[in-house]
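Single-structure report; data block below.
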Amino acid sequence: MNLLYIILIIIGIMGLVLFFPWKGTGSFKYTSPTIRFHEADHVLSRRLLKPGSSNYDAYYSIHPEFQKADDRSRQAPGLLDRLAYHYDPGTFAAARSNFEIIGFMGQLTHATTSHSITTVPLPDQSTTDTDAPRRIHPEKTSRFITGWLKNTGAHSVGITTLRDYHLYSHKGRGPRSGEPIVKTDEYAVAITTEMDHQMMQSAPEGSSVMESSEQYLRSGVLALKLAAWIKELGYNATAHIDGDYEVICPLVATDAGLGVIGRMGLLMTPDLGPRVRISVVTTNMPLIASEQQPDPTVLHFCHHCEKCVQTCPAGAIPAGPRKEIAGVERWQVNAESCYHYWTVSGTDCGRCISVCPYSHPDTLFHRFIRFGIKNNLVFRYLAIKLDDVFYGRKPRIRPLPAWTDIMNDQ
Ligand code: SF4
Ligand code: SF4
């Protein structure tokens, strides 16, 4: 009974402070990177290096600091492997199927129509050639793109001018590995799709990798069809989808006004937090950017929350304040520890996504809480504490949804 009174008093205080505007974020500002990253340095590119190959020797002679951790992960069962700790036949097979289809889709990223990216001319609106770029209205076209994609499965869509730091400096995997990436487009469209809340509640079990692959697939299809549509109208377009990126999606999505990168290194959207997957289309089609300042209250919340730090099974998420890394204040996840856990568990984990207070379903109640978090400093502190009271400092891992069990137990 006493606990009930305490909770009612806390809710009463929260109600009082909710509407008083006091962000109190001080120095918590998002800053963009100034340098470009080589895709070969990404842990998911390095995992493709085969011991004994010339690529393997060449890479680790330049970067010996990664070799020990990468070799340790090579000795583990691996992602979606039958010997992995969280092996589950139905969900693992579903994820494998989705990734197989995504692999085929990778062949379409640069060739979604008969117009090749290298042969489509730059826009020249005075020409009468039927293959020439159509005379489009940038504002109406941007509205069309946003409306169309949201109507067909996107959770959010944003447009930004393409910056150098959005692009990797070089390709690090696939047949074009080692090629420099040159900025030829002016705009980028970022697309998010929602990862199902219930499927993620069992993370790091099989349902999380199944859902993650599902949303890589869905966001990839949206990017491919947008790229094809843009090419139909006579402009260049490249889709950036799982396994075939020239851009760093969270950086693009942040500048496109879809959220801000939080403690776990993922895009934190205002209404689903990190529970999204992202794809991007870059283009020379003239569009209107939907840029807005990233919300500093998310960074402030992350500074005090640390729930993902305490629940990460690999201890890969840093505690404490942001640090200056390559001229930018940010948190840096230990990618080697995180990926090693994936190779042991067999899934891409997602435990950090499932426990994040911003990942709660986008219900009226949670919208009310999010409004308070954004509006008032005191409410923000209370929300962190109350999330622990209601969901636990280390929320329990939910069982896999019953329908995912395909085993014959007879
Ligand atoms: S769990 Fe907390 S610290 Fe981690 S990303 Fe979410 S809000 Fe930030
Ligand atoms: S995915 Fe899992 S291992 Fe990686 S940072 Fe998140 S909680 Fe940690």
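Amide H of L162 versus every other amide H placed in the peptide plane: which residues, excluding those fewer than 5 positions away on the same chain, fall under 5 Å?
Those qualifying (amide H under 5 Å, at least 5 residues apart or on another chain) are Y187, A188.
Taking the chain as a Gaussian network, where each spring joins two C-alpha atoms under 10 Å apart, which residue of F19, F390, F92 fluctuates the most?
With Cα springs under 10 Å in the chain, the top fluctuation among F19, F390, F92 is at F390.
If the only charges are +1 at each Lys and Arg Cβ and -1 at each Asp and Glu Cβ, what is the size of the charge dipole of the chain around the Cα centre, to the nearest 20 debye?
For this selection, approximately 920 debye.
With the other protein chains left in place, how much accessible area per residue, in square angstrom, belongs to the stretch 2-403 at a 1.4 angstrom probe?
47
Y85's amide H: which non-local residues (gap 5+, or another chain) put their own amide H closer than 5 Å, with H modeled 1.01 Å from N in plane and none for Pro or chain starts?
S345, G346
Rounded to the nearest 5, what is the percent of antiparallel bridges among the DSSP beta bridges in the chain?
95
Whole-Hz ³J(HN,Hα) for each residue in the stretch 240-253, computed from phi via Karplus 6.51 cos²θ - 1.76 cosθ + 1.60 with θ = phi - 60°, x for glycine and proline: what do you get?
10, 10, 3, x, 9, 10, 10, 10, 9, 4, x, 5, 5, 5
First measure r as the distance between the Cβ atoms of R367 and Q310, then evaluate 1/(1 + (r/R0)^6) with R0 = 25 Å and state the FRET efficiency to the nearest 0.05.
0.45
For the chain, with all protein chains present and a 1.4 Å probe, just round the carbon and sulfur fraction of the accessible area to a whole percent.
58
Can you tell me the FRET efficiency between K140 and N408 if r is taken as the Cβ-Cβ distance and R0 is 56 Å, rounded to the nearest 0.05?
0.50
Mind listing the long-range amide H neighbours of I261? Cut-off is under 5 Å, sequence gap 5 or more, other chains count too, H placed in the peptide plane at 1.01 Å from N.
It is M268, by chain and number.
Under the Cβ-under-4.7 Å rule, which cysteines of the chain stay unpaired?
C249, C302, C305, C312, C338, C349, C356
Name the shape class, rounded, prolate or oblate, that the alpha-carbon gyration tensor gives for the chain, where a ≥ b ≥ c are the square roots of its eigenvalues, rounded holds for a/c under 1.5, and otherwise prolate holds if a/b is larger than b/c and oblate otherwise.
Judged from the Cα gyration tensor, the chain comes out oblate (a/c at least 1.5, b/c at or above a/b).
Helix check for the chain. Which DSSP H runs span at least 18 Å along their own axis by Cα, with a mean Kyte-Doolittle hydropathy no less than -0.5?
Helices passing the filter in the chain: 2-18, 89-105, 206-232, 377-391.
Would you mind checking the pairs K68/K307; K50/K183; K29/K171; K183/K231; K140/K171 and listing those with alpha carbons more than 22 angstrom apart?
K68/K307; K50/K183; K29/K171; K140/K171
Hey, what's the Kirkwood Rh for the stretch 155-304 if you take every pair of different alpha carbons, in angstrom?
By the Kirkwood definition, the hydrodynamic radius is 15.9 Å.
Given contacts defined as C-alpha pairs under 8 Å and at least six residues apart, what's the relative contact order of the stretch 2-403, whole-number percent?
It comes to 25 percent, rounded to a whole number.
What whole-number distance in Å separates the alpha-carbon centres of the stretch 146-178 and the stretch 320-396?
So the two Cα centres are separated by 24 Å.
Students often check this: by mean Cβ neighbours within 10 Å, which of 172-183, 244-255, 335-346 ranks highest, and how do the rest follow?
My ranking of the peptides, most packed first, is 244-255, 335-346, 172-183.
Let me check I have the definition right: for the stretch 281-400, take the eigenvalues of the Cα gyration tensor, multiply each by 5, take square roots. What are those semi-axes in whole Å, largest first?
Ellipsoid half-lengths, sorted descending, are 25, 23, 17 Å.
The values are calculated or read from the model by the stated rules, or taken from the named source; none is laboratory data. Quantities reported herein were computed from a predicted structural model and do not represent experimental measurements. Virtual Cβ from ideal backbone geometry, glycine too; neighbours counted across all protein chains shown. Just the protein is used for accessible areas: all its heavy atoms, side chains included, with ligands, DNA and RNA removed. Shrake-Rupley method; radii C 1.70, N 1.55, O 1.52, S 1.80 Å.
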